[in-house]
Amino acid sequence: MPKPGTPFPFPQPAREFEILLGEWWHKDVEEIETQGNQMGLPPNMSDAHTINGKPGPLFPCSEKHTFAMEVEQGKTYLLRIINAALDDELFFAIGGHNLTVVEVDAVYTKPFTTQTILIAPGQTTNVLVKANQVAGRYFMATRTFMDAPIPVDSKAATAIFQYKGIPNTVLPSLPSLPAANDTRFALSYNKKLRSLNTPQYPANVPLKVDRNLFYTIGLAKNSCPTCVNGTRLLASLNNVSFVMPQTALLQAHYFNIKGVYRTDFPDKPLTAFNYTGAPLTANLGTSVGTRISKVPFNSTVELVLQDTNLLTVESHPFHLHGYNFFVVGTGIGNFDPAKDPAKYNLVDPIERNTVGVPTGGWTAIRFRADNPGVWFMHCHLELHTGWGLKTAFLVEDGPGQDQSVVPPPKDLPAC
């Protein structure tokens with residue numbers, strides 16, 4: 001929300017609606033995940049997708065399990081769309097209506113019009129939609145995007161965009177969503193996302209980089225005698241699979257508790273290889289541990305996230321706690337440090353907190369480490385983060401009064 005008295009940098013909408021995209025399991029989802037981990041297999045996929053908690057009439061449910069929003073002819077509405085699904089990147093569209101993207105992850109964008117948006121778990125997208133079509137009932141629909149050979153819940157959830165005065169007996173028309181594996185649309189859509197970069201909303205992209213990081217994303221199988229196939233799936237960054245500690249990282253940092261974590265997470269993979277070449281089934285010796293990176297206060301960081309074909313390529317939405325970052329570059333194949341940085345957008349790259357690394361590709365982000373503390377960075381697919389696809393940055397204190405982690409009172413015992 002803008003500050004009180006500050007208008008949006010786009011026409012004021014007549015009304016706002018929140019659109020929460022999700023997944024639904026018939027059984028307790030935590031039990032399903034626990035069962036999968038015990039078996040060493042991925043848990044069962046969801047039984048349905050939902051829009052504002054309801055799957056819609058394409059499922060064998062009654063009408064009460066459909067979300068509907070009423071609109072008036074000629075008025076413009078702001079939809080605040082949130083992907084709260086655990087494991088699925090999703091398309092979203094409204095039959096017969098264009099969407100104008102104006103904001104992602106609470107950062108304004110250069111407006112652009114599209115028939116469909118693509119939104120990953122943990123991301124938000126705000127769009128303007130004008131009720132300028134023939135008065136009727138139109139389906140809003142969401143369905144999974146997956147351009148890797150991985151089984152997913154492909155069932156579409158629907159809701160209804162209904163003009164005032166139109167009876168419920170009128171059949172809604174469906175939008176035409178991209179194919180489930182439409183890589184070209186995904187790349188094209190994300191390329192259109194740009195920061196406003198105006199005097200009021202500048203894009204303060206770090207132009208000088210103090211620390212260059214290169215993290216490879218991989219899957220692996222480790223021995224598990226009690227599991228179904230004798231192995232358990234792991235996920236890793238730079239071949240390190242993260243183990244959640246019993247003591248919180250920030251707590252250990254505050255109280256200077258030793259032995260909770262190590263600050264030797266590698267800046268690059270120990271062994272270089274053809275990251276996106278032929279599928280690699282060999283285990284490259286994935287290690288497990290609680291290893292994080294220490295970053296000096298106010299230093300600038302460039303991080304290249306590289307997908308790999310360890311077991312399979314796949315799109316990964318990565319989220320950094322405590323920060324926004326600028327997405328300065330992305331591409332398919334292996335990142336080339338000699339050529340690809342010349343293609344970076346350092347003028348108006350999108351600023352956000354969760355970004356998708358394309359299947360078999362790479363994404364480069366930059367941020368200034370001006371928020372001291374310990375901050376997780378993880379894949380926002382619940383399945384992968386549970387397998388260890390995460391790490392953290394320990395940002396050191398700065399010299400100013402508001403630039404350091406506040407020490408606890410001397411008489412406050414450690415938890």
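The values are calculated or read from the model by the stated rules, or taken from the named source; none is laboratory data. Since we're looking at a predicted model, the values are computed, not measured. Positions of Cβ are generated from backbone atoms using ideal geometry, with glycine treated the same way; all protein chains shown enter the neighbour counts. Areas reflect the complete protein model, heavy atoms only, side chains present, ligands, DNA and RNA absent. Shrake-Rupley method; radii C 1.70, N 1.55, O 1.52, S 1.80 Å.
When SER154 is tested against (1) out of contact with any Gly (no Cβ under 6 Å at 6 or more places or on another chain); (2) touching a residue at least 40 places away in the same chain (Cβ under 8 Å); (3) hydroxyl-bearing (Ser, Thr, Tyr), just one condition goes unmet, and that condition is (2). Could you grab me the full set of residues in region 126-151 that are among the aliphatic types (A, V, I, L, M) and either crowded, with 19+ Cβ neighbours inside 10 Å or in contact (Cβ under 8 Å) with a residue 40 or more places away in the chain (or both)? Within region 126-151, VAL127, LEU128, VAL129, ALA131, ALA135, MET140, ALA141, MET146, ALA148, ILE150 qualify. With respect to the conditions (1) of a type in the set (D, E, K, R); (2) within 20 Å of the chain's Cα centre (by Cα); (3) closer than 18 Å to ASP182 by Cβ; (4) open to solvent by 10 Å² or more (accessible area, probe 1.4 Å), LYS155 lacks only one, and its number is (2). Within region 176-184, is there a residue that is part of a helix (DSSP H, G or I), under 24 Å from GLU89 (Cβ atoms) and open to solvent by 30 Å² or more (accessible area, probe 1.4 Å)? The answer is yes; a qualifying residue exists. Going by the conditions given, is PHE376 open to solvent by 10 Å² or more (accessible area, probe 1.4 Å) and either over 15 Å from the mean Cα position of the chain (by Cα) or hydrophobic (A, V, I, L, M, F, W, C) (or both)? Yes, satisfied.
Selection of strands (runs of 3 or more DSSP E) fully inside region 3-107 by the criterion of at least 1 residues being over 21 Å from ILE350 (Cβ atoms) and among the basic types (Lys, Arg) returns 15-24. Within region 97-114, residues that are free of Cβ contacts under 8 Å to residues at least 60 places away in the same chain reach partners that are of a type in the set (Gly, Ala, Ser) with beta carbons closer than 9 Å, at six or more positions or on different chains, in the pairs LEU99/ALA93.
Just name the residue that is farthest from PRO43 (Cα to Cα) out of those in region 213-249 that are open to solvent by 70 Å² or more (accessible area, probe 1.4 Å) and in contact with a Gly (Cβ under 9 Å, 6 or more places away or on another chain).
We begin by selecting, within region 213-249, every residue open to solvent by 70 Å² or more (accessible area, probe 1.4 Å); these are 221, 223, 225-226, 228-229, 232, 244, 246.
When the remaining residues are screened for being in contact with a Gly (Cβ under 9 Å, 6 or more places away or on another chain), the result is 221, 223, 226, 228-229, 232, 244.
On the way: LYS221: 15, SER223: 18, THR226: 16, VAL228: 13, ASN229: 14, ARG232: 12, MET244: 20 Å.
Filtering region 213-249 for residues that are open to solvent by 70 Å² or more (accessible area, probe 1.4 Å) and in contact with a Gly (Cβ under 9 Å, 6 or more places away or on another chain), the one farthest from PRO43 (Cα to Cα) comes out as MET244.
Condition check ((1) in contact with a helix residue (DSSP H, G or I) (Cβ under 8 Å, 6 or more places away or on another chain); (2) β-branched (Val, Ile, Thr)) across all residues:
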site	(1), (2)
THR231	no, yes
VAL240	no, yes
GLN246	no, no
PHE255	no, no
TYR261	yes, no
ASP267	no, no
